[in-house]
1. Can you compute the modelled spin-label distance between Arg111 and Asp82, with each label point 7 Å from Cα toward Cβ, in nm?
2. Output the 0 to 90 degree angle, nearest 10, between the alpha-carbon long axis of helix 33-51 and the longest principal axis computed from the alpha carbons of the chain.
3. With only alpha-carbon pairs counted, each pair once and no self-pairs, how large is the Kirkwood hydrodynamic radius of the chain in angstroms?
4. Any idea how far the Cα center of region 143-197 sits from the one of region 112-142, in Å?
5. Give me the dipole magnitude in Debye, nearest 20, for region 115-154 about the Cα centre, with unit charges on the beta carbon: positive for Lys and Arg, negative for Asp and Glu.
6. So, R0 is 35 Å and r is the distance between the beta-carbons of Ser63 and Thr167; what FRET efficiency does that work out to, to 0.05?
7. Suppose the chain between Val148 and Tyr193 were pulled fully straight at 0.36 nm per residue; how much longer would it get relative to their current alpha carbon spacing?
8. Could you list the trypsin sites (Lys or Arg not before Pro) in region 55-116 that lie in coil according to DSSP, counting only those with at most 13 other Cβ atoms within 10 Å of their Cβ?
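Read the figures in this text as sums done on the coordinates, not as results from a lab. Everything numeric here is computed off the predicted structure, so don't read it as measured data. Ideal geometry is used to build each Cβ from the backbone, glycine not excepted, and the neighbour counts take in all protein chains shown.
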Amino acid sequence: MKISAQQVKELRDRTGIGMMDCKKALVETDGNVENAIDLLRKKGMAKAAKKASRTANEGAVISYIHPGNKIGVLCEVNCETDFVAKNEDFINFIKDVCMHIAAANPIAVDRDGIDPKTIEREKEIYREQGKTEGKPENIVEKIMIGRVEKYYAENCLLEQNFVKDTTKTIKELLTETIATMGENISIAKFTRYQIGK
C-alpha cells in the first residue's frame, strides 16, 4: 500500500515520533492512523522498558505556580544527556507533570514512596469498614485489597490519570516521552506547596 507524505506528517504531528518510524507503522497498519498510533505506543512501551535500566544523571528542576498563586510545585526529572535536558519537549513534559501535581495532589512518585505504616493503617481501616458492612471474612480481604489498589491509584503520581488527558496515566505519558526522546527518563521527586497546608 502506498503511504502519502500527508499521512506520515499527520501521524508525526500527533505522536512526535520520527518520520521513518511513522511510515513503518502506517505500512504495518495499512494506512490507518489510529491503529498506527496504537502500534507506536505499544512499540514505545517496549523501547521504554529497554531504556529503563540506563542511568539518568542529567535532567532539570522545573517550577510551576498555579494561577492565583496559592499552589506551587517543584519537580526534578532526570534523563541521560544534557542534550535532552535542554530539549523543549522534555521541558514541556516536566511542566505538564508539575501542573498535574498541583491539580491532583499525589503524595509520592510511586508505591515505594509511600510509608508502609500508612498502607498498614489504610488496610486496617478498610478491614474494619468491611466488617462494619457485615461482609464475610474472605470478602473483607478482597474488599481491602481493592481499596488499597484504589488508594495507590489516587495517591501515587505514576498511577494517577493525567489531568490533561484522562485516557492515560502519568506512567503512560512518561513512557511516551521516553519513546519520543529516545533515552531513559525518570521522575525523581517533587514538592507541592499550598497556602495554609
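1. Each label point is offset 7 Å from its Cα along the Cβ direction, giving 3.9 nm.
2. With both axes taken from Cα atoms, the answer is about 70 degrees.
3. Across the chain, the inverse of the average 1/r is 19.0 Å.
4. About 23 Å separates the Cα centre of region 143-197 from the one of region 112-142.
5. Approximately 80 debye in magnitude.
6. So the FRET efficiency works out to roughly 0.80.
7. My answer for the length gained is 13.6 nm.
8. Here the sparse-neighbourhood loop sites are Lys70, Lys86.
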